[in-house]
1. Hey, got the dipole for the protein assembly as shown? About the Cα centre, +1 on K and R Cβ, -1 on D and E Cβ, debye to the nearest 20?
2. Fully extended, how many nm does the chain gain between residue A:74 and residue A:222 (0.36 nm per residue separation, minus their Cα-Cα distance)?
3. How big is chain A along each principal axis, measuring the range of its Cα positions in Å and listing the largest first?
4. So what are the ³J(HN,Hα) numbers for segment A:397-409, from phi and the Karplus equation (6.51, -1.76, 1.60; θ = phi - 60°), rounded to whole Hz, Gly and Pro as x?
5. In Å³ and rounded to a whole number, note down the convex hull volume per residue for the Cα atoms of segment A:570-691.
6. Apply the Karplus curve 6.51 cos²θ - 1.76 cosθ + 1.60, θ = phi - 60°, to the phi angles in segment A:441-446 and return the couplings in whole Hz, x for Gly and Pro.
7. Determine Rg/Rh for segment A:153-255; Rg is computed over alpha-carbon atoms and Rh is the Kirkwood hydrodynamic estimate from the same atoms.
8. For Cα pairs less than 8 Å apart in space and 6+ apart in sequence, what is the mean separation divided by the residue count of chain A, i.e. the relative contact order in percent?
Amino acid sequence: MDSLLQQLLKHYSHLKNYCSAIAHNFHFFSFTSIKQKIIFSSILLSTFPIFITIVYIYPKEEHALRDALIQNLDSIGHKQSEFIEKWIEERKADIWLIAENPNVPGVIYKSEGSENFYRLLHHLKYTRDTYRYKEIFICDRNGDLKITTSTGKVITNVSGFEFFKQAIIGTTYVSPIVPSVIPIINEYGSLEQGMPTLFITTPVIYERKIIGVVCLRIDVMEINKLMRSVRLGKTGETYLINKEGYMISESKFLSSLKDFGLVKQRTTLELKLIDPFTGNFTKGVAECLKGGSGYDANGYIDYRGKTVLGFWQWLPELEWGIIAEIDKDEWYGSVKKLHKITFSILFLLTLAVVSFAFVFGKKISEPIVYLTDVTKSISEGDFSKRVNISAKDEIGELSKSFNKMADFVEEKTHALEEYTSNLEKIIEERTKDLTQINKELEKQSHDLEKAYKELLTLDQMKDKMIRDVSHELKSPVAQVQMAIDLWTKEIKKDPLDRSKKERFEHIISSSLQRLRKTIESILDLSVLESGRFVFKKEPIQMDEIIHQTVMDMKLLAEKKGLTLTYHSSGNLPVTIGDKNEISRVLINLIDNAIKYTESGSINIYGKCKDSYLEISVEDTGMGIGLPKEEYSKLFERFFQEHPTMYGSGVGLALCKNIVEAHKGRIWVDCKGIGKGTSFKFTLPVAPSENS
Amino acid sequence: MSKKILIVEDEQEFFFFYEMMLEDTDYTIVHALDGKQALEMIETEKPDLIILDLLLDKLPGDEFLKQLKSSPPHKDIPVIVASSFSPHSNKTIFEIDPDVSYLEKPFTQERLMEVIKRKIE
C-alpha cells in the first residue's frame with residue numbers, strides 16, 4: 001500500500017512538474033490573472049480523480065479481478081479433474097461387479113444357450129442401459145468373444161487389442177479414446193465406424209486364475225456431458241486432451257468450427273489444439289502436455305484464434321489433460337466497460353467543473369480586474385476615477401473602501417503637490433543661496449589656497465633672502481678680510497709691488513662701500529615698511545630731477561661704455577612729494593639699468609598722461625628671464641633674478657614702496673631675454689591752483 | 001709637470017686673491033666665470049683640481065658638481081668648494097659628492113695650500 005502510495009505521489013509529482021514546465025514555457029500559464037489561476041486549479045483538482053482512477057484504482061481492480069479469475073479457473077479445473085477421476089472410478093466399480101458375477105465363469109467355459117448365459121446377458125444389458133454404455137462384452141483367455149450386449153457386428157476375437165493384453169495380465173485398464181474399428185451408433189442414431197470410443201477392461205478371476213476379460217465400451221458423449229456440467233460464462237469451456245494434443249471431448253464451439261471447416265462431425269479426435277496463427281500447440285495445451293498444472297491470466301491464443309485466459313492440469317493415470325479457458329474479452333470486458341463509464345462520468349464532471357470555474361473565475365476576476373484598472377489609472381495620476389460596484393459581498397465592501405481610500409489619496413496628493421510646489425520654491429531659493437555661499441566659499445578656498453601657495457613661496461623666498469642677504473653681507477667682509485691678510489704679507493716683501501697695493505686698496509674700498517650700501521638699503525626699506533617714515537610734501541619739477549640724476553650718473557654709465565640720455569617731452573607738470581625719495585627711485589632704476597646692460601644705451605622718457613606723469617627707464621640690456629606673470633616678483637623684498645650680481649635685492653622694493661606712497665604705480669615691460677628692459681612709474685600731477 | 005687648477009669664481013676680487021696666494025707655487029691656474037664656462041674648460045684644460053664657488057650665474061655650483069660627477073671621464077677630478085656660506089647651509093653639496101672639501105670664505109693662504117695639497121698630493 002505504501003509503495004503504491006509512493007508511486008502515486010511520484011506520478012502526481014511528475015504530472016505537477018510537467019504542468020509547471022508548461023506553465024513556465026507558455027505565457028498563458030504564467031497565471032498573471034486570478035481567472036487563470038482559478039481555471040487551472042479547477043482543472044488540476046477535477047482531473048485528480050481521473051488520474052487517481054487510472055493510476056491507482058484501475059490497476060488495483062484488474063489485479064483483484066485477475067486473482068478472482070485464477071481462483072475460479074483453478075477451482076473449475078480441479079473440480080472437473082475430480083469429476084473425471086470419480087467417473088472413471090465408478091466405471092471401474094461397474095466392471096469389477098460384472099467380473100465378479102458368478103455366472104461369468106460358466107459363460108466363459110460353457111457354450112451359448114445355457115442358463116448362466118441368459119442370466120448374465122440380462123445382467124449385462126441391464127448394466128449397459130442403466131449406465132449408458134455402448135457395449136459390454138466378455139471374452140475368454142484367448143480373446144474369443146463369449147458374450148456381448150451388442151446385437152450388430154461384433155469383433156469375435158480381441159486378443160490383438162491393447163485393452164485385452166493389459167487386462168489378461170491382471171490390470172484394470174482404461175484405454176485411450178480411439179476410433180472404433182467396427183461401426184457403432186453415433187450421436188445421431190446411425191452406425192458409424194471410427195466413432196471415438198473408450199474401453200475399460202478387467203480380468204475375470206476364477207479359482208485364482210485369469211480365465212477371461214470383461215470389457216466396457218464407453219460412450220464418450222457421456223464425458224462431454226460431464227465437461228459441460230460446469231458452466232463458465234458465455235465463452236468459457238472445459239475440455240479434455242489426449243497426449244497427442246487432440247481434443248477428446250466436444251467443444252462448445254462445435255458448430256462454428258464446423259462452419260470454418262476445422263472439423264467434420266465432432267471435435268473429439270478431429271481437432272488438434274494448435275494456434276491457427278503459428279501452427280504450434282496453444283500455450284494451455286503445450287504446458288499441459290509437459291505434465292503439470294498451471295494457468296495464464298494474461299492471455300494466449302487458443303485453437304479458435306481468440307485470446308483466452310486458461311487453466312490446465314494433466315491427469316497422468318489417464319494420460320489426459322483437462323483445460324479450462326475463457327475469452328479474455330468476456331472476463332475483462334465488463335471491467336473495461338466499467339472503466340469507460342467511470343472515465344466518461346469523470347470527464348463530464350471535469351468539463352462541468354472547468355466550465356463552472358471559467359464562469360466563476362470570470363465572475364470573481366471581473367470586479368478585481370476592474371478594480372486593478374481603476375487603481376492603475378489613479379496611480380498614473382487620474383484621480384477622477386472611482387469604482388462602481390454595487391455588490392453586497394466582500395468585493396462590494398472592498399470597492400467602498402477603495403473609493404474612500406482614493407478620496408483620501410486624492411486629497412493628500414493635492415496637499416502634497418501644493419506642499420511640493422512650495423518646497424520646490426523654497427529649495428530653489430535655498431539652492432540659490434547655497435550656490436552663492438558655495439561660490440563664496442569656493443572663492444575663499446581659492447584665495448586661501450592662493451594665500452597658502454604665496455605663503456609657501458614667501459617661506460622659500462625667506463630662505464633664499466636670508467641666503468642672499470647673508471652672502472651680500474658676508475662676501476664683502478670676506479674680501480676685506482682676505483685683502484688685509486694678503487696685503488699684510490705683501491708689504492713685507494721688498495720691493496713692494498705698487499700695482500698690487502692699489503688693487504688691494506680698491507678692493508677694500510669697494511667692498512666696504514658695497515657693504516654700506518647694502519646695510520643702508522635694508523635699513524631704509526625697514527623704516528619705509530614700518531610706516532614710521534614721513535614723506536615730505538613739496539612741489540617737484542620732475543624735469544629738473546631727471547636732468548640732475550642723469551647728469552650725476554652719466555659718468556658711471558660711460559665707464560661701462562653706455563650712453564645715458566633723457567628724452568624730455570617739454571615741461572612736465574609739477575607733482576607733489578618727497579624730492580629726495582623720488583630721486584632715489586630714479587637713481588635705483590638707472591643704477592640697475594647700468595648694472596644689467598653690457599652695451600648699448602639707457603634712455604629716460606618723461607611724459608604727461610591724463611593726470612599722471614609717466615617716467616620710463618629703458619635699457620638695451622639682458623632683459624628679464626622670468627615669465628611675464630612673475631614680473632611683479634622683481635619688486636618684492638630681497639628678490640634677485642641674478643643673485644651673483646652685486647646688489648642687496650631691496651632696491652626695487654624700495655622704489656615700489658616710495659612710488660606707491662606717492663599714490664603712483666610702478667611696473668616693468670620686457671620683450672624677452674636680450675631685448676632690453678623698460679621700468680616705468682607714474683606720479684599724480686599736482687592739482688592746479690585754480691582747481 | 002705642474003698641476004693645473006681650474007678656479008670657478010665670478011667675483012674678480014676673489015680670483016685676484018687666488019692668484020696672489022698661488023703665485024709662488026708650481027700650480028698653474030685657469031679661470032672660469034661660471035659653471036657653463038667651467039664645463040667647457042674641463043674638456044680643453046683637463047685640470048687636476050677644481051676650486052668651485054657656489055653662487056654662480058648661468059650654471060650654479062651645485063648643478064655644475066652634479067653634471068661633473070655624472071660625466072664618467074671627469075667624475076674623478078677632485079673638487080674644493082669655496083663659498084662665503086657655511087658648510088651647514090650647503091649640505092646638498094656633500095650628498096652630490098661626499099669626497100668634496102669645503103673652504104669657507106674668508107680663508108688664509110695656509111688653509112688654501114693645506115686643502116689643495118690634501119686633495120692632489
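Every read-out reported here was derived from the displayed coordinates using simple, explicitly stated rules and does not represent laboratory data. Note that this is a predicted model, so its numbers are computed, not measured. Note that each Cβ is placed from the backbone with ideal geometry, even for glycine, and that neighbours are counted across all protein chains shown.
1. That gives the protein assembly as shown a dipole magnitude of about 4420 debye.
2. Value of the extension gain: 51.0 nm.
3. Per principal axis, max minus min of the Cα coordinates gives 215, 94, 40 Å.
4. Those phi angles translate into 4, 4, 4, 4, 4, 4, 4, 4, 4, 4, 4, 4, 5 Hz.
5. Output value, Cα hull per residue: 112 Å³.
6. Each residue's phi maps through the Karplus curve to give 4, 4, 4, 4, 4, 4 Hz.
7. That ratio equals 1.06.
8. Relative contact order for chain A comes out at 8 percent.
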